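Before any comments, here is the structure.
Just so you know, all these numbers are worked out from the coordinates, no wet-lab data involved. Bear in mind that the values here come from a model prediction, so they are computed numbers and not experimental data. Neighbour counts run over all protein chains shown; Cβ positions are idealised from the backbone, glycine included.
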Amino acid sequence: MINRNRERHQPINSGYSNTNNTSNNINLSIDRIEIAKETMNFLMPFPRIHAILVKPNEKIPLEPDWQHKNNYPVTSTYVLNHLISGGNWGLIHPAGMSVGIDDDNSHIRKAVLSLGNTFSYNTGKPGHYCDIFIIKDEPVGNIPLIDGAYIRGKGGQNLGPGSIHPNGNIYGSTYFNLVPPLKIKKSELLEKFAPVINGKEKLGKNGSKAEYKKPINPESLEMKDLVDLSNFKQNGQKFQGPHPIHGSSTGSNFLVDLDLNSWHCFRHGTGGGPLQWIAVSTGVIGCEESIPGKIQGELFWKVIAAAHNNFGLSYEKLVEALGGE
Ligand SMILES: [Zn+2]
């Protein structure tokens, strides 16, 4: 794994010490794209972090509904081309399972450093940074901090490295700490930031309280815990009956194999294990979509959120039981 900590001692931005505007601008544009590309490659293993388009020299997202629809994997060429053509980009956290922090004063800095060494970069003003963390257990929304700063989780965005602040400074040009984002629990974040938190967390419209539909074995999440097999025909460890979601004309289009801990739908020729079944049974995907490799990245976190809302298990337990990044 790459683990690099780079400090740039000569600011690249044109705000200081430039005598030759033309050549400086050329260097400027090349370098900020390099910074953005390095960030994209570096954040690729963290699919819970997404990218959005932001207007040139501004902090305003370009496309509507960027929280839910118009956001992209960090390696998206669409985003990169937008940067190359002069735009800015933002880092967002659709599932709230990662955060970006406006690290704008010494008190916030202290809270960040008390958590450890994480991916961070300078933002628009001297002494201002953005720090990225991965959240291990449950979603984080937007939490107001002192001086108008925020912990930005679900529904928030920070400009990404290589963006240009309205004052001309380039994000990541003077400080670019390219280490993997630290994985922390939400409770650790809240504890360390308690002295600088200045308001209530907002979780956005999908952050509603969990509804517990039925008790479930919190350790295993096996198919036998997820499907009512009591009226199914049994043949050894195989159980066959009607599909619990879309039904069956024959009464036997759905097979659960307890040995393999798997299911199969004969109507759609699809199937999977508990993760795929939770996705289908909670409506995150249709039965016909349950093909190998389907559930990854943001979709994985949607399934985890659905499982959390349905069964009331912690995110950490669910990721442990269902497998994840
Ligand atoms: Zn089906």
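Overview of results
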quantity	calculated
Backbone HN-Hα couplings from phi across region 161-170 [Karplus 6.51/-1.76/1.60, Hz, Gly and Pro as x]	x, x, 6, 10, 5, x, 8, x, 6, 9
Rough spin-label spacing in nm, given labels placed 7 Å along Cα→Cβ, for K55 and N117	4.0 nm
Amide hydrogen neighbours beyond the local backbone of A51, cut-off 5 Å, H modeled	Y72, V74, I92
Mean Cβ count within 10 Å, highest first, over the residues of peptides 155-164, 35-44	155-164, 35-44
Interchain or long-range residues, amide H under 5 Å from H243's placed H	S248, N253, F254
Projected label distance in nm at E288 and Q234, using a 7 Å step from Cα toward the beta-carbon	3.5 nm
Karplus (6.51, -1.76, 1.60) ³J(HN,Hα), θ = phi - 60°, over region 285-292, in Hz, Gly and Pro reported as x	10, x, 4, 5, 8, 7, 10, x
Charge dipole (debye, nearest 20) of region 6-196; +1 at Cβ of Lys and Arg, -1 at Cβ of Asp and Glu	180 debye
Ordering of 170-180, 143-153, 292-302 by burial proxy (mean other Cβ atoms within 10 Å per residue, highest first)	170-180, 143-153, 292-302
Mean Cβ count within 10 Å, highest first, over the residues of peptides 89-96, 105-112, 225-232	89-96, 105-112, 225-232
Full-stretch length increase - K69, S262 - with 0.36 nm per residue and alpha-carbon distance subtracted	66.3 nm
Net lengthening on full extension, I146/Y78 (0.36 nm per residue, minus Cα-Cα)	21.0 nm
